Amino acid sequence: MFISPMLLESAKAPFDSDDYITEIKFDGIRLIASKTNGQIRLYTRHNNEVTAKFSELHTLQIPDGTVIDGEIIVPGPTGAGDFEAMMERFQSRRSYHPIVFCVFDILRLDDVSVTSKPLYERKELLNGLTLDHPNVKIVDSVAGNGRAVFELAKSSGIEGVVMKRADSSYAENKRSDRWLKIVNYEYTDVWITGYRKEDNALVLAYEDGAYAGLMEFMPHAERRRFHSERKDVGETDKYVNIEPIKCRVKHRFKTRKGLLRIPSFDSWKS
């Protein structure tokens, strides 16, 4: 059984509130796991069944009629997930990266929906399951202490934290400000050297001229300014080259090839 998952809103900074619980943000692929008629089924957030991809989880012992929600990761140096390794495992049958299913919520138990219950009650139900499995862990939660957990994530090189209202019900297929993600962004000064014709994605280069990746996310006002001020110097079938314009971008960690991961515009640099 698939249940479309509740999604996170973004917040700029962590905070301390006893109305919230705080968790480490895992860097992997959202996974919904269910058991029906004795069989485990695994689904991505977009309702793609991926049961065959993760044979390790076929022996997951949960009651019939149970649906749980979490993130599947390949543990990296931080323990919170190596996203590139996870994508290799997801996309290739020849990849043997070990996986861990980090479970943080329960949506059905014994064929009864529990999504209307507050999160703290669902956590109690989840902790009551016997998930004694080498590839499964229940995510640790901390009451409040958002700032301290975020600082720990930053110092450990972890992507960020998630803060959830303890009394929140589970809003299926919705993005809710009762669940917040605070990302540990990095900031880098780069040059915009051109743009891709098909979608206006901006071509980025490091200050030494090395390719840094493509930037798709830019506020409309700043994109209008870019197109009004750019000076074209040439083009190919797919790209328009411009005189370099300097800016600062925020991004998640760099890839193994040194490219910026999900860069977005932060500010112009003179």
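The values are calculated or read from the model by the stated rules, or taken from the named source; none is laboratory data. Values in this document were obtained by computation on a predicted structure and should not be read as measured data. Cβ placement follows ideal geometry from the backbone for every residue including glycine, while neighbour counts extend to all protein chains displayed. Remember, those area values only see protein heavy atoms, side chains included, never the ligands or the DNA or RNA. Shrake-Rupley method; radii C 1.70, N 1.55, O 1.52, S 1.80 Å.
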The correct count of residues that are assigned to a loop (DSSP other than H, G, I, E, B), farther than 30 Å from ARG261 by Cα and open to solvent by 50 Å² or more (accessible area, probe 1.4 Å) in region 84-124 is 4
Go through (1) open to solvent by less than 50 Å² (accessible area, probe 1.4 Å); (2) touching a strand residue (DSSP E or B) at 6+ places or on another chain (Cβ under 9 Å); (3) more than 24 Å from ALA143 (Cβ to Cβ) one by one and return the number of the condition ILE68 breaks. (3)
Check ASN127 against each of (1) within 22 Å of GLY38 (Cα to Cα); (2) touching a strand residue (DSSP E or B) at 6+ places or on another chain (Cβ under 7 Å); (3) open to solvent by less than 80 Å² (accessible area, probe 1.4 Å) and name the one condition it does not meet. (3)
Which of the numbered conditions does LYS164 fail, given that it passes all the others? Conditions: (1) buried (at least 20 other Cβ atoms within 10 Å of the Cβ); (2) of a type in the set (Lys, Arg); (3) over 30 Å from ILE3 (Cβ atoms). (3)
Suppose we filter ASP266, ASP232 for residues that are open to solvent by 60 Å² or more (accessible area, probe 1.4 Å) and touching a residue at least 40 places away in the same chain (Cβ under 8 Å); which single one remains? ASP266
So, of the residues in region 243-270 that are aromatic (Phe, Trp, Tyr) and at pLDDT 95 or above, which turns out to be nearest to the chain's Cα centre (by Cα)? PHE265
Enumeration of residues in region 50-62 that are surrounded by 12 or more Cβ atoms within 10 Å (Cβ to Cβ) and either among the polar types (S, T, N, Q) or touching a strand residue (DSSP E or B) at 6+ places or on another chain (Cβ under 7 Å) (or both): VAL50, THR51, PHE54, LEU57, HIS58, LEU60, GLN61, ILE62
